[in-house]
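Worksheet: one structure, shown below.
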Amino acid sequence: MKKTVILISGTPSVGKTTIAQKLKDRLNAFYINLTSFAKGNNLISGFDEKRQTAIIAEEKMRKKIKEIVNSVNKDILIIDGHYAASVVPKEYVTKIFVLRRNPIELKNFMEKKEFRNNKLWENLESEILDVCLIESLCKLEESKICELDITGLTVDEVVNWIIAILFDKKKCEFGKIDWLKMLETKGLLDQYLKKITVI
């Protein structure tokens, strides 16, 4: 029987891990956090000093994920990470949920987690410019891509939404979120773009 492999993607600090762990409990699924997985399985090939982030050995990770999907004693797997679409073989993916959050709210979340300066604005740029969605579209079939605006929602509300999509109670869709237009409407676009262009 083919396993259900659910990817949870989105900009850092959007809420992926909290939501993925709650979803894991609700679905009695096997769970992989890609950051922890990379560290625990020697899948880091270097360190980007400028961006202050680990460089993932993608091919090795892809091979390791294949092994786990094929061997784990669970019917459902949940894989959480902003680069999930790049490292999970596309033939294994049932659905990817790209979590989106209004950049104004996301900025507040990141500041609480003590993201500062370049790292904060690099991640906001990623959210504003749909980077995780675009990566998903480059790697996976469109029918597998679900984009969720989770701004202002509780963890339970997001998890219920994901489960409703998985059981065909709600539509899986993408392409309706436009943060550039939203920021422009609020008169904040120039302020954000000036910060982004200097990182």
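Please treat every number below as a calculation from the coordinates, not as lab data. On a predicted model such as this, the values are computed, not experimentally measured, just so you know. Quick reminder, even Gly has a Cβ in these numbers, built from the backbone with ideal geometry, and neighbours come from all protein chains shown.
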Output the 0 to 90 degree angle, nearest 10, between the alpha-carbon long axis of helix 16-27 and the longest principal axis computed from the alpha carbons of the chain. 30 degrees
Can you spot the lysines whose alpha carbon is less than 21 Å from LYS63's alpha carbon? Ignore those fewer than 8 places along the same chain. LYS2, LYS3, LYS39, LYS74, LYS90, LYS95, LYS139
Under 13 Å Cα-Cα from LYS119, which aspartates and glutamates qualify once same-chain neighbours fewer than 8 residues away are excluded? ASP48, GLU49, GLU111, GLU127
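List PHE30, PHE97 from most exposed to least, where exposure is judged by having the fewest other Cβ atoms within 10 Å.
Details: PHE30 18, PHE97 29.
Ordered by Cβ neighbours within 10 Å, fewest first: PHE30, PHE97.
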For the chain, take the longest principal axis of its alpha carbons; what is the angle in degrees between that and the long axis of helix 117-128, to the nearest 10 within 0 to 90? 70 degrees
Residues of type aspartates and glutamates that LYS195 reaches as a straight line, Cα spacing below 12 Å, ignoring anything fewer than 8 places off in the same chain: GLU122, GLU125
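Among THR11, THR185, which comes first, second and so on when ranked by fewest other beta-carbon atoms within 10 Å?
Numbers: THR11 26, THR185 10.
Fewest to most other Cβ atoms nearby, the residues stand as THR185, THR11.
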What list do you get for CYS172, CYS138 if you sort them by fewest beta carbons within 10 Å? CYS138, CYS172
Cysteines having no other Cys beta carbon under 4.7 Å from their own, within the chain: CYS132, CYS138
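Over the chain, what is the mean sequence separation of C-alpha contacts under 8 Å (at least six apart), divided by residue count, expressed as relative contact order in percent?
Values: 280 pairs, mean separation 54.5, N = 199.
Contact order relative to length: 27 percent.
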